[in-house]
Structure formats: C-alpha cells, structure tokens
Amino acid sequence: MLDRPAVVEPLDDDKTPATFTGNRGLDQEEPLIFEIGRIDATGVDVDDPAPVATRLGALERNAPIGLPGLTEPETMRHYVRLSRKNYSIDAGLYPLGSCTMKHNPRSNEKIARYEGFADLHPLQPQSTAQGALELMQTLADWLMTLTNMRAVAMSPKAGAHGELCGMMAIKSAIAARGEAATRNVVLIPQSAHGTNPATAALLGFSVRVVPAAADGTVRAEAVKEALAPDVAAIMLTNPNTCGLFEREIVAIADAMHEAGGYFYCDGANFNAIAGVARPGDFGIDAMHINLHKTFSTPHGGGGPGAGPVVLSERLAPFAPVPFIRRSGDALELVEAAEGTQSFGRLTAFHGQMGMFVRALAYMLAHGADGLAQASKDAVLSANYVRASLRDVMTQPFGDRICMHEVLFDDAWLRGTGVTTLDFAKAMIDEGYHPMTIYFPLVVHGAMLIEPTESESKASLDLFIATLRDLARSAKAGEVARFGPAPRLAPCRRVDEALAARKPVLRWTAAA
Amino acid sequence: MRYHPLSEADRNAMLATIGVSSIEALYADAPRATLLKTPLDLPKGKSEQEVERFFARLAARNMPASRASFFVGAGAYKHHIPASVDHLIQRSEFLTSYTPYQPEISQGTLQYLFEFQTQVALLTGMEVANASMYDGSTATAEAVLMAHRVTKRRKALLSGGLHPHYAEVVRTISRLAEDEVETMAPDIGAAEDLIARIDDTLSCVVVQTPDFFGNLRDLTKIAQACHANGALLVAVFTEAVSLGLLKSPGAMGADIVVGEGQSIGNSLNFGGPYVGLFATRHEFLRQMPGRLAGESVDADGRRSYVLTLSTREQHIRRDKATSNICTNSGLCALAFTIHLTLLGEAGLTRLARVNHANAVLLAQMLNDVPKVEVLNETFFNEFTLRIGGDAAALVERMAARSVLAGVPVARLLPHAALDDLLLVATTEVNTQEDRDAFVAALKESL
C-alpha cells in the first residue's frame, strides 16, 4: 500500500501547464472528425456496384453531403483517444446515486453477440426465432417471480418509457371504468425523479405534490389528505430517492386502492430489495424495472437501457402489444391489439432484446440467492459509507439506516466557502467520479452516494478516507483545493452558461 | 459469487462499524411481513460456462441472418459492420460510463455526441440534431408531439406509406394524450393525395421515404402545402443508408426529420436496441426532445463539450419538460457515428449504390418469375412483391429452404386484405448466389 500524505498541498498554480502539442502525456488532444477527415477518404472497401439502370426516379441526390471519412487506423486512433477522456466503472468507483453503476460482466457482452441473438431480425418468421421468444419468456418469468406480479410488458425501451407504459395502462383501466373525464390527477412526492411528473403531464394528468414527512418518507396520512375522487394514481419510488425505504408503503397502497386509484411504483431502486422483498407484496399495480440498473446491462454513456413493466392483475389486460402467448409447443408473439384490451403499441418491434440477453445472463449467474446477496451487499456498503462519514458530513433526515444509497446535504459545508459542486469537482482530482449532486431537489446541496455491491472493502475504505480528507480540508478553509478543481482531469470546469446562451450544437465549416 | 468482492469477514467488519448485528437489521424499515423468509423459487447461480451453455442452446433454436439467404427489412436492415466498430464500442470507457453529467471526465462521450449530431444534421439536410432517441418509431412520436408544441395545434396526418408500427406508436400515444390523428389508408403505390388533406387545423403531416412499401417520395410539394397552412412536415426514414444516394429530406423542405439509425453500425438484435435519429431547424431548437451536446470552453479557455439546454428536460423542468426521455441510445449512437466515420461520404455513397444495384438486379430476376410482380416504380433497396398467394405461408416454405424471403405485409397490416404482398429487402450482404437461391426457392414454394 502507498503511503498517503498527511496533508495534501494544493497545486500552487491555477494554470494547467502548456505543451507544444496540447497533449499532456497520455491525455492527448483530439480534433473533430470534421477537422481531420476527408470527404474522399474511407475505412470501408466496398465492391463496385453492378451497372444497372437506376430506379430512383428524380430523387437521386445531386449535391455533396459533406461527411468526412477516416481510414481504419485513423478511426481507431480517434475513438481510442476520445475514450481515454472518460471515467468508467471499469476504471474506478462510480458512486452516482440513483444510477446504479455496478460491474458489467463481460460474459454478458459475449452472449449478447451470439449470432443466434444479435443477427436475428425482429420480423423473420416466428418459427425461426423460437429460442428468442423462449428467452424473452424466461426473463419475463424471472421478473414476475422477483416482483410477485401477474404480467410484464417487455417492450419499453428505458425507465421513462416504462413509466409511460405503466401510466398508459392505468389511464386505460380508468377509461374502461368510465372515469377518464373525472380522474385526471397524479400524486407525486417532491423528491421524485423528474421523469415522473414529465410522464404524467405527457398523458394529460395534472400533478398534485405530496409532502414528505420530516424523516424523508411519505406518510399514508399525507396521501389520504391528497386523495380525492379526481386522483387516478400515485407515482412513488421505493426505496425512495433519498435512499430510504417507504415504511408506510403498504398502507399507502391500501389507501390508493380504497379511493379507486392505482399505485405506480418507480422501480429505479429495485436493486436494493431484489430477492429480499417483492413489490407485489406491497400492493403496487405497476413498476418499471431498469435492466440497466438492477440487472447490470451497461449504461453505455447514456443508454441503451430497457424498462420492462410488471403489472398487477387489474392492469394486466391493458398491457401493450406485442406479448407472448404459448400455443401448443410453440411460443407466439401477439402483435396486433385488435380484439384485446391492450392499450396499443409503444415501439416498433418487440423491445430491447440485446438488453434482455444480458439481464437474463446476469440473473442466471446469480440465482435467487446471489440476487439477494447483491441487494444486501449494496445496502451494506451504503450503510458502511454512511457510518464512516456521519461524523464529518451531515444527513438531511438525521443519521438513520439507509438502503442502497446514502444521502448527505451541505449543512456541514456552510461557511467554508466550498459548495457541493466544488466538493464534487475536487473528487475528480482524487480520481473519483462524483456522487449524484443536487438531486433530490428537496435536499439542499444534496450528495447522493451509491457504492453498489461491486466494491471491495479496500475500495470502499479508500473512498471513505478520501472523502474524509476532502471534508477535513474543506472545513480547514483550504479552498484552493476546491474552487479551481478539477485541475488534473482531461478538461477543467466547462462554461455551461456560455453553452446555453450561444448554443453550438454542431460543427460548421469556417467561413 | 464471482461478481461480489465482499467476504464474510468484510461483511462482519462493516456491520460492526455500522453498529448492527446483521444485514437483515438494515431492512428494519421494510414492513416485516413483506420480507421474504425463504428463497424464491428460482434456480441457483451458475458458473460462466453454464450460463453460456444455456444461451448457446437457445441461440441454436433461432435461424440467424448469416445462416440463410436473407432478404428481410421493413424497418431493420442487415448490413456488414466493420469489426473495429464493435471493438471500439466495447472499450470500458464507452461501455461502462454513465450519461456525461460531469463534463471534465466525460469529454470522450460528449465529443462523439457532438460529432454524431453533426453527422445526423448533414445526412438529413437539417440544421440541428439531438444526441439520439430510443428508435425510429419513438422518435416519430416525439416529432409529432413537438409539432403540436410548435404549432399549438393537436392534430397530425399520417401518410399511408408510414411504417405501420410507427403509425401505431403515434396513434397510441396520441389517443392517451388526447390528441387527434388521421391515418391514410395503406398506400402501396405512393398514389395517395396528401395535399388535398392538408388544412390549417393540422400541426403536422408525417411522410416516410423510402416508404414502408419501398417507394421513393418527393416531399417538396407536400412541404409547400404544409407551410402554406402553418403545419410542419415530419419526414421519416427507416433505412439510413438510403440517405447516401437520395435527396435529403431537408433539401425537400422537411421541418423535422426522424428515422431509424440501426442500419449504420448496429446489429439486428431481434428489434433492439436501436438508435432514433432526430433533426430539425434551428428555430425549433428549444422545443426539441432529448439530450444535446454543445460546444463551450473550459476554465483554461480550451474548447470542450457539455450537455446543454437542459432546461427543456425532465430533470430540470419536470411536468413542463419537452419530453420524459432520460436514458437514450448513447452506445448505439456511438456505433452509428464510428461506422459512418469509417464509411465517410465516399464509402456511404458507394455502399448505397451497391444496395440499390442489388435491389435492381433482384427485381429484374423476380419480374421474370411467373405469377410474381414487383409493384414499385421506384425503390432504394426494398420493394413490394405481389405473389398471387398467401405471403406468410410462402415465407415459411422458403424459410425451410434456408431463404428468409422478406416480411409479409399482412403481418403488420393484418386486416387490409394485403395477404398476397411481400416486402423484400436486399443489401450489400446479398450475393448472386443468394439471389439465385431466392428465385429457386420462390419457384419451388409458390
């Protein structure tokens, strides 16, 4: 183990050292493809087209597009250089709360590329894709067992798309009851993900905010007070975005059902309880499952994800097409909504098959006991971080047990001249991706830390020691370590205001 | 478990630090009755080798494109993907990073998104493009919603040549959002009179080219009619390679251009993940859905990139956001941009020509088959065949001869009396042997 300095001396110059190339050792400058590519260069050798009389009518392009090309070696270099400017879970602890940056097994990547899956067309005859349908059905069965729910819609493409799916099923169920005109309000706590109110609004619902109690959770009493004949549903995340289990969730579900409403559970944090408790036992009606969080399909710099939605018996009839039906020995994909109560179609084709393969591989590798252990280790690690930092950082709802993520506020930074943002940027210089900051919005200067089950104790200990040292430094008034940070990253703080004021969203040739 | 680094000794030491006696005690806030007392009825964990064996067995029950003479399209296309594309997208720094919310350690992702946005804008002939949507169909639905916001009208007109799944996605969301949609009847020969249907109640007209049946459509006059009535023209494509050879939708007057980017850089994947492309005019920028990477400078004054205009987005604007989208198709966009960089304009144009030439050759061969008729006057790499019999049954018979012949139109339009129509797509992967196999299997199966 390396010796660590007792005190970290701030870098004494605010400027980054200059070099002739602009490179800094392994951190290499890389121009845009439009600056290094050539319109006549290509990295793909294509055969000569057969001489034919074209059938393009008068619609053949008659002007250049302006797309640059690079040969293969130039292409490799461009993207490898770009890649080195990114942090990644493979390179270090990535404690983004609510995002679940856990290990992405490479066996899953290998399996997803089996040509029997990757090279399969969604509209080839179903008789030639029975293995794919069996895979989807197996994943659906696992999801229903893990949640104790009656049905699952597989086609949603990500979490927010899953929310849309669940809320569409709820709206359809309400319409089927003849209450479409009267039930048009959705209850949402202030701490919710922004996708919740955005989804509700997209479907014409208005949002009524439910207040949280002083301990950061929603009380059944508060829900009852907000309930009225105009309420269609509640959208509630559990564990919630403060990393806390909603203790009164069963009573909340009962209250919703008694009032004729539905319970949409945002499943972004299912990874805290998978294999430990089943959302169906809480009384929920719908929940999306982010396969890219709980079941470790890679985040890929912002997607693709997958957001299958489990549904209660009451909502199951309204599930979108396509869905799978067993017919004799074969599986059949039902693709047309006619003649069913299905609310329709959410996307072309059948969902994120590539993600299904990876998620099911993750489940099979773990088994029921392994999935429970993953959840428990995630919760254990978050609480370990909490217990190890509670004497130097403050928690908005007091020091209490958390789930898979621990939330701090910035009360402990008050008067130091260091903000949550500064603290996060100083973590970058120490080689860490910052935690989620300024979310949830209800907590001042929020810092939401989710270590996941993928970290060793040694890794957690170094992370904790680093945060403790930064906290000591902030309280000691060593602002030089924070204000100019990051100093050691591939780039320094970016002027976000300039980017928004004068949007430059594409390259254009110099005039 | 091979993915869990904590040992029992670690767990015990951590519990001691926390001050509880067991991990179960950490679940004290969950209603006791809801905590599972016994493990779920699911199999035990498996070794890597066992997991791979399980999936190999499932994969073997499918017929992949590479094991057949393959002519299936209708919105997803098999093209050759250079090995370097798949290698690069599997680099840890791309594969296992999150959305680039911390720009100082995400410049790799932000720069490729900026390049991607530029490529999409150039390809579609538009001014700006976003950092991707889920796929072409959801991008189309988002385009309709955006047109409603821009025009403050809530009625869309869908061409009968629009991919039926895309039309269903638009209709589903419109019905539940209480917006109006009119859909033209299936338009096999690109003969519909859209212009006669355009009036000043419409927010937009949605037209696909090449259309679902393979026909190429000139959008110029439709765009003029839209603009004369204060409506927007939403142009859709499902085969991005076609843009290498055809006039861009932007050049024909489209206001929003959306499409499926799968056919550049991305495998078929049985339908997903794919990558939705979304481009528009600068004046509508603030009504766009989805993420945008923008250029700025860092504290040293060096050029750098950052996610921008996020006041449109759900995590800031909540119920007033332009869309609820959060996670998009970052890695698929990366595959798209790498493949397109490798191709360049020269490679893309050539690739598009080979696709078209192969389609012309196949159409000529098929026209010589008795009882079979190619219905298209124009096409790019896909056309509609009338086969004088049930297309679904024919496709099954041909599959038994290792020819995946195409998509029966009735699979997507089941109640339109189009059972004898077959969509046939051909790309650079098809050889003369494939075309011969197609014709031979067709003759034996008719």
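The values are calculated or read from the model by the stated rules, or taken from the named source; none is laboratory data. Remember, predicted model here, so these are calculated numbers, not experimental data. Glycine gets a Cβ as well: all are built from the backbone with ideal geometry, and neighbour counts include every protein chain shown.
If I filter segment B:31-39 for residues that are polar (S, T, N, Q), at the interface with chain A (Cβ under 7 Å from one of its Cβ atoms) and either surrounded by 13 or more Cβ atoms within 10 Å (Cβ to Cβ) or over 28 Å from the mean Cα position of the chain (by Cα) (or both), do I get at least one hit?
yes
Name the residue that is nearest to the other protein chains (Cβ to nearest Cβ), counting only residues in segment A:178-203 that are modelled with pLDDT of 95 or more and part of a loop (DSSP other than H, G, I, E, B).
Per the criteria, the residue is A:Leu203.
Being among the hydroxyl-bearing types (Ser, Thr, Tyr) and buried (at least 21 other Cβ atoms within 10 Å of the Cβ) is the filter here; which residues of segment A:420-439 pass it?
A:Tyr432, A:Thr436, listed by residue number.
Give the residues of segment A:368-417 that are in contact with a Gly (Cβ under 8 Å, 6 or more places away or on another chain), among the β-branched types (Val, Ile, Thr) and over 24 Å from A:Lys457 (Cβ atoms), sorted by residue number.
Selection gives A:Thr416 alone.
Here are some conditions: (1) surrounded by fewer than 23 Cβ atoms within 10 Å (Cβ to Cβ); (2) under 27 Å from A:Ala129 (Cβ atoms); (3) in contact (Cβ under 8 Å) with a residue 12 or more places away in the chain; (4) touching a helix residue (DSSP H, G or I) at 6+ places or on another chain (Cβ under 8 Å). B:Met133 meets all but one. Which one does it not meet?
(1)
Determine which single condition A:Val185 fails, assuming it passes every other condition in (1) crowded, with 22+ Cβ neighbours inside 10 Å; (2) of a type in the set (Val, Ile, Thr); (3) under 30 Å from A:Val443 (Cα atoms).
(1) is the only condition that A:Val185 fails.
Scan segment A:204-244 residue by residue and report those that are within 17 Å of A:Val442 (Cβ to Cβ), within 13 Å of chain B (Cβ to nearest Cβ) and crowded, with 22+ Cβ neighbours inside 10 Å.
The answer is A:Gly216, A:Thr217, A:Val218, A:Met235, A:Asn238, A:Pro239, A:Asn240, A:Thr241, A:Cys242, A:Gly243, A:Leu244.
Out of all the residues in segment A:264-277, which are over 20 Å from the mean Cα position of the chain (by Cα) and under 15 Å from A:Thr199 (Cβ atoms)?
None - no residue of segment A:264-277 is over 20 Å from the mean Cα position of the chain (by Cα) and under 15 Å from A:Thr199 (Cβ atoms), so the list stays empty.
Any idea which of B:Leu113, B:Leu123, B:Leu88 is under 21 Å from A:Glu29 (Cα atoms), within 18 Å of the chain's Cα centre (by Cα), facing chain A (nearest Cβ under 9 Å) and not hydroxyl-bearing (Ser, Thr, Tyr)?
Result of the check over B:Leu113, B:Leu123, B:Leu88: B:Leu113.
Would a scan of segment B:5-18 turn up a residue that is at the interface with chain A (Cβ under 8 Å from one of its Cβ atoms), touching a Pro at 6+ places or on another chain (Cβ under 6 Å) and among the polar types (S, T, N, Q)?
Looking for residues that are at the interface with chain A (Cβ under 8 Å from one of its Cβ atoms), touching a Pro at 6+ places or on another chain (Cβ under 6 Å) and among the polar types (S, T, N, Q), one finds none in segment B:5-18, hence no.
Which residue, of A:Leu93, A:Leu82, A:Leu56, is outside any helix (DSSP H, G or I) and either closer than 27 Å to B:Gly75 by Cα or at the interface with chain B (Cβ under 7 Å from one of its Cβ atoms) (or both)?
A:Leu56
Could you give me the residue pairs with C-beta distances under 7 Å whose first residue belongs to segment B:369-392 and is in a strand (DSSP E or B), whose second residue is of a type in the set (Lys, Arg) wherever it lies, and which are 6+ apart or on separate chains?
B:Glu373/B:Arg386
Sort through B:Leu394, B:Leu404, B:Leu442, B:Leu413 and tell me the only one that's crowded, with 24+ Cβ neighbours inside 10 Å, within 13 Å of chain A (Cβ to nearest Cβ) and on the phi < 0 side of the Ramachandran plot.
B:Leu404
Could you go through segment B:215-229 and let me know if any residue there is part of a loop (DSSP other than H, G, I, E, B) and within 14 Å of the chain's Cα centre (by Cα).
No; the residues of segment B:215-229 include none that is part of a loop (DSSP other than H, G, I, E, B) and within 14 Å of the chain's Cα centre (by Cα).
If a residue has to be buried (at least 18 other Cβ atoms within 10 Å of the Cβ) and either over 18 Å from A:Arg345 (Cα atoms) or of a type in the set (Phe, Trp, Tyr) (or both) to count, how many in segment B:162-185 make the cut?
Number satisfying all stated conditions: 2.
Restricting attention to segment B:310-352, report how many residues are on the phi < 0 side of the Ramachandran plot and modelled with pLDDT of 95 or more.
23
What is the residue count in segment B:287-307 for residues that are facing another protein chain (nearest Cβ under 7 Å), surrounded by fewer than 22 Cβ atoms within 10 Å (Cβ to Cβ) and not in a strand (DSSP E or B)?
Adding up the residues that qualify gives 3.
So B:Leu202 ticks every box in (1) assigned to a loop (DSSP other than H, G, I, E, B); (2) out of contact with any strand residue (DSSP E or B) (no Cβ under 9 Å at 6 or more places or on another chain); (3) aliphatic (A, V, I, L, M) but one. Which box is left unticked?
(2)
Consider segment A:60-79. How many of its residues are surrounded by fewer than 21 Cβ atoms within 10 Å (Cβ to Cβ), facing chain B (nearest Cβ under 7 Å) and touching a Leu at 6+ places or on another chain (Cβ under 9 Å)?
6
Restricting attention to segment A:336-357, report how many residues are surrounded by fewer than 24 Cβ atoms within 10 Å (Cβ to Cβ) and at negative phi.
6
Which of the residues belonging to segment A:449-462 are outside any loop (DSSP other than H, G, I, E, B) and surrounded by 24 or more Cβ atoms within 10 Å (Cβ to Cβ)?
A:Ile449
Which condition number in (1) in contact with a helix residue (DSSP H, G or I) (Cβ under 8 Å, 6 or more places away or on another chain); (2) modelled with pLDDT of 95 or more; (3) not acidic (Asp, Glu) is the one that A:Gln28 fails?
(2)
In segment B:174-183, is there at least one residue being more than 7 Å from every other protein chain (Cβ to nearest Cβ), under 20 Å from the mean Cα position of the chain (by Cα) and of a type in the set (A, V, I, L, M, F, W, C)?
Scanning segment B:174-183, I find no residue that is more than 7 Å from every other protein chain (Cβ to nearest Cβ), under 20 Å from the mean Cα position of the chain (by Cα) and of a type in the set (A, V, I, L, M, F, W, C), so the answer is no.
Exactly one of these conditions fails for B:Ser84: (1) in contact with a strand residue (DSSP E or B) (Cβ under 9 Å, 6 or more places away or on another chain); (2) polar (S, T, N, Q); (3) assigned to a helix (DSSP H, G or I). Give me its number.
Every condition holds for B:Ser84 apart from (1).
Out of A:Ala458, A:Ala497, A:Ala489, A:Ala426, which single residue is within 12 Å of another protein chain (Cβ to nearest Cβ), farther than 30 Å from A:Pro211 by Cα, touching a Lys or Arg at 6+ places or on another chain (Cβ under 6 Å) and among the aliphatic types (A, V, I, L, M)?
Criteria check complete, one pass: A:Ala426.
Do the conditions hold for B:Val72, that is, is it farther than 17 Å from B:Leu292 by Cβ, assigned to a loop (DSSP other than H, G, I, E, B) and out of contact with any Ser or Thr (no Cβ under 8 Å at 6 or more places or on another chain)?
When the stated conditions are applied, B:Val72 passes them.
Of all residues being outside any strand (DSSP E or B) and among the polar types (S, T, N, Q) in segment A:312-358, which is farthest from the other protein chains (Cβ to nearest Cβ)? Just the residue, please.
Residue satisfying both the conditions and the ranking: A:Ser312.
Just to be sure before I move on: is A:Gly305 in a loop (DSSP other than H, G, I, E, B), within 16 Å of A:Met136 (Cα to Cα) and at pLDDT 95 or above in the structure I sent?
yes
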